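Here the structure comes first, spelled out in structure tokens, and everything after it is commentary.
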Amino acid sequence: MKEIKNNHLYWDGCDTVALAEKYGTPLYVFSESEIIAQCQALREDFLDRYPNTRAAYASKAFSTVAMVKIIEREGLSLDVVSGGELYTAIKADFPAERIEFNGNNKSIDELEMAVDYGVGRIIVDSLQEVALLQTICQRLNKTAAILFRITPEVKADTHAFISTGQKDSKFGIPLEEDILFPLVQEAIEAPNLEFLGFHFHVGSQLSDNSAHLAAANVALRLALEVKQRFDYAVKELNYGGGFGVRYTENDVRKPYRYFLEPLMELTEAFCKEHQMPRPEIVIEPGRSIVAEAGITLHTIGSIKELPGIRTYVSIDGGMTDNIRPGLYQAEYTGLIANKAWETPTQTVTISGKACESTDILIKDLQIPDVTSGDLFATFTTGAYGYSMASNYNKLPIPAVVLVKDGQDQLIVKRQSYEQMLENEQPYQEFGGEAHGHSFS
Ligand code: LLP
């Protein structure tokens with residue numbers, strides 16, 4: 001998908017310099033071929049290899065109608081965590097029964113929307129949610145299939161900010177007998193709820209499978225306990241997402257098989273030993289499907305050489321389109337897309353344009369001679385870039401282009417200044433006359 005031709009970076013057959021000229025910068029560019037390749041890898045390593053399995057794309061990584069349509073066509077399920085992500089799925093006509101609704105604090109409105117649309121699974125993540133859901137389902141005369149997200153009490157080897165399985169966490173139902181089992185009983189007995197099983201998500205950007213394996217053990221033991229206590233067969237276990245990707249040469253991307261093969265072996269062995277039918281196994285990959293498909297294009301503006309210290313090369317975006325370096329000290333790499341063949345001559349710091357000292361995209365990157373107007377491409381920005389973008393400093397959210405085999409299509413327009421202000425209302429002095437300012 002990445003090629004260099006005539007000194008230019010090409011992405012899925014498209015000249016990035018031409019894309020920047022056509023659509024402007026900053027610009028997110030997604031390779032559809034790479035997204036499809038990851039869905040294919042999931043089929044080969046998991047879905048086609050083991051019966052009774054599903055993979056739900058965690059749309060928080062990158063949620064647009066076009067992306068949801070690709071996921072639907074590729075036959076995956078979809079994980080949403082908010083009314084907004086659900087709305088996006090609905091607008092993409094995503095089949096309701098293939099949607100999973102996660103979230104540690106779903107609002108009543110969001111739950112009503114999910115039940116009304118008939119989403120396939122609601123992953124309950126609070127003590128209040130069972131009763132609330134039962135009431136909503138009864139009122140709407142519907143039923144909902146639910147799983148409990150548990151806190152498996154395992155420590156994942158990743159940045160603390162994206163680790164979620166440890167005991168002290170806002171996610172999941174604590175593994176306390178007096179909390180969890182009464183809830184399970186309540187769910188089994190609730191007339192409008194169908195209790196399916198348990199869910200965990202141990203953390204994100206993992207390159208080691210031990211946290212998943214430890215958590216799967218916990219979930220399987222719970223399934224057994226439910227069978228023994230309630231004579232009730234758990235039908236589904238959801239092992240979450242978290243499979244790591246390659247941002248820089250220091251990262252090793254493990255194939256899906258590395259995580260899923262031992263997980264499935266462990267699961268099969270446990271079920272055999274305890275004579276329980278193997279529940280359906282679901283995973284929720286987000287980043288691993290879309291991260292490496294995406295790059296971001298920026299135009300270089302100011303270049304500040306601080307003799308003996310460093311050279312700051314500034315781009316026309318930064319933390320507003322990619323908060324990950326500022327938030328998690330995430331590392332990226334990139335190149336000058338219009339000088340892609342040229343030999344590096346200097347080490348620089350690529351910095352953003354937001355009014356924050358932490359708005360540094362890449363420290364100490366080797367690049368060739370640059371001038372203002374050159375095009376910078378950052379790799380592996382497909383996950384949690386666009387989806388975490390902000391209007392800080394009133395910078396518009398960039399456009400998104402999808403490319404495939406040399407063709408391109410705009411899937412999200414660049415936000416305009418008018419759109420940034422469209423929800424603002426005319427200011428009226430308290431006790432005074434309305435000012436004549438109109439935003440329409
Ligand atoms: N399922 C659940 C319940 C999750 O909470 C998440 C991610 C996923 C699946 C997908 O995980 P993935 O396969 O993408 O690792 N903004 C952070 C990542 C936060 C992930 C939150 N939950 C980042 O940019 O690194």
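The values are calculated or read from the model by the stated rules, or taken from the named source; none is laboratory data. Just so we're clear, the structure is a prediction, and the values are computed from it rather than from any experiment. Cβ: placed from backbone, ideal geometry, glycine included. Neighbour counts: every protein chain shown.
Taking the stated definitions as given, is GLY118 crowded, with 18+ Cβ neighbours inside 10 Å, within 25 Å of ILE136 (Cα to Cα), of a type in the set (Gly, Ala, Ser) and free of Cβ contacts under 8 Å to residues at least 60 places away in the same chain?
no
Quick grid of which residues meet (1) in a helix (DSSP H, G or I); (2) at pLDDT 90 or above; (3) more than 16 Å from the ligand (Cβ to nearest atom):
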{"residue": "VAL184", "(1), (2), (3)": "yes, yes, yes"}
{"residue": "GLU194", "(1), (2), (3)": "no, yes, yes"}
{"residue": "PHE198", "(1), (2), (3)": "no, yes, no"}
{"residue": "ASP208", "(1), (2), (3)": "no, yes, no"}
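Going by what's in this entry, would GLU97 be described as away from the ligand (no atom under 13 Å from the Cβ) and at pLDDT below 95?
It is false that GLU97 is away from the ligand (no atom under 13 Å from the Cβ) and at pLDDT below 95.
From the residues in region 2-32 that are among the β-branched types (Val, Ile, Thr) and more than 26 Å from the chain's Cα centre (by Cα), which one is farthest from GLN415 (Cα to Cα)?
Ranking the candidates gives ILE4 first.
Just one of (1) within 19 Å of PHE379 (Cα to Cα); (2) in a helix (DSSP H, G or I); (3) within 15 Å of the ligand (Cβ to nearest atom) trips up ALA37, so point out which.
The failed condition is (3).
Looking only at region 230-249, filter to residues that are in contact (Cβ under 8 Å) with a residue 24 or more places away in the chain and more than 16 Å from the ligand (Cβ to nearest atom); which one of those is surrounded by the most Cβ atoms within 10 Å (Cβ to Cβ)?
VAL234
Could you pull out the residue among MET319, MET388 that is aliphatic (A, V, I, L, M), more than 17 Å from ALA20 (Cβ to Cβ) and out of contact with any helix residue (DSSP H, G or I) (no Cβ under 7 Å at 6 or more places or on another chain)?
Only one candidate passes the filter, namely MET388.
Residue by residue through region 76-94, note down the ones that are within 13 Å of the ligand (Cβ to nearest atom) and of a type in the set (D, E, K, R).
The answer is ASP79, GLU85.
Every residue in region 148-172 that is under 24 Å from LYS235 (Cα atoms) and away from the ligand (no atom under 11 Å from the Cβ), please.
PHE148, ILE150, THR151, PRO152, GLU153, VAL154
Take region 320-361 and flag every residue that is within 16 Å of the ligand (Cβ to nearest atom), in contact with a strand residue (DSSP E or B) (Cβ under 9 Å, 6 or more places away or on another chain) and not in a loop (DSSP other than H, G, I, E, B).
PRO325, GLY326, LEU361
Please enumerate the residues belonging to region 285-301 that are part of a strand (DSSP E or B) and either within 16 Å of the ligand (Cβ to nearest atom) or of a type in the set (A, V, I, L, M, F, W, C) (or both).
Of everything in region 285-301, those that are part of a strand (DSSP E or B) and either within 16 Å of the ligand (Cβ to nearest atom) or of a type in the set (A, V, I, L, M, F, W, C) (or both) turn out to be GLY294, ILE295, THR296, LEU297, ILE300.
Can you pull out the residues in region 14-42 that are over 30 Å from GLY241 (Cα atoms), in contact (Cβ under 8 Å) with a residue 12 or more places away in the chain and not hydroxyl-bearing (Ser, Thr, Tyr)?
Matches in region 14-42: CYS14, VAL17, LEU19, ALA20, LYS22, GLY24.
Please count how many residues of region 165-210 are among the aliphatic types (A, V, I, L, M), under 28 Å from THR248 (Cβ atoms) and touching a Lys or Arg at 6+ places or on another chain (Cβ under 7 Å).
Matching residues across region 165-210 total 0.
Checking the condition part of a loop (DSSP other than H, G, I, E, B) and charged (D, E, K, R), which residue from LYS254, LYS272, LYS227, LYS304 passes?
Result of the check over LYS254, LYS272, LYS227, LYS304: LYS254.
Could you tell me which residue of region 173-182 is nearest to the ligand (Cβ to nearest atom), considering only residues that are in a helix (DSSP H, G or I) and surrounded by 15 or more Cβ atoms within 10 Å (Cβ to Cβ)?
LEU180
Name the residues in region 121-147 that are touching an Asp or Glu at 6+ places or on another chain (Cβ under 8 Å), in contact (Cβ under 8 Å) with a residue 40 or more places away in the chain, under 23 Å from ALA89 (Cα atoms) and hydrophobic (A, V, I, L, M, F, W, C), would you?
Scanning region 121-147 gives ILE123, ALA144, ALA145, ILE146, LEU147.
Taking region 49-85 as the search range and keeping residues that are farther than 21 Å from PHE30 by Cβ and out of contact with any helix residue (DSSP H, G or I) (no Cβ under 9 Å at 6 or more places or on another chain), which one is surrounded by the fewest Cβ atoms within 10 Å (Cβ to Cβ)?
In this case the residue turns out to be PRO51.
Determine, yes or no, whether SER387 is surrounded by fewer than 14 Cβ atoms within 10 Å (Cβ to Cβ), touching a residue at least 12 places away in the same chain (Cβ under 8 Å), of a type in the set (S, T, N, Q) and within 19 Å of PRO26 (Cβ to Cβ).
So SER387 does not fit the description; no.
Name every residue in region 371-409 that is assigned to a loop (DSSP other than H, G, I, E, B) and within 16 Å of the ligand (Cβ to nearest atom), in order of residue number.
PHE379, THR380, THR381, GLY382, ALA383, TYR384, GLY385, ALA389, SER390
Looking only at strands (runs of 3 or more DSSP E) that fall completely inside region 56-161, which ones have 3 or more residues that are more than 28 Å from GLU177 (Cβ to Cβ)?
77-80
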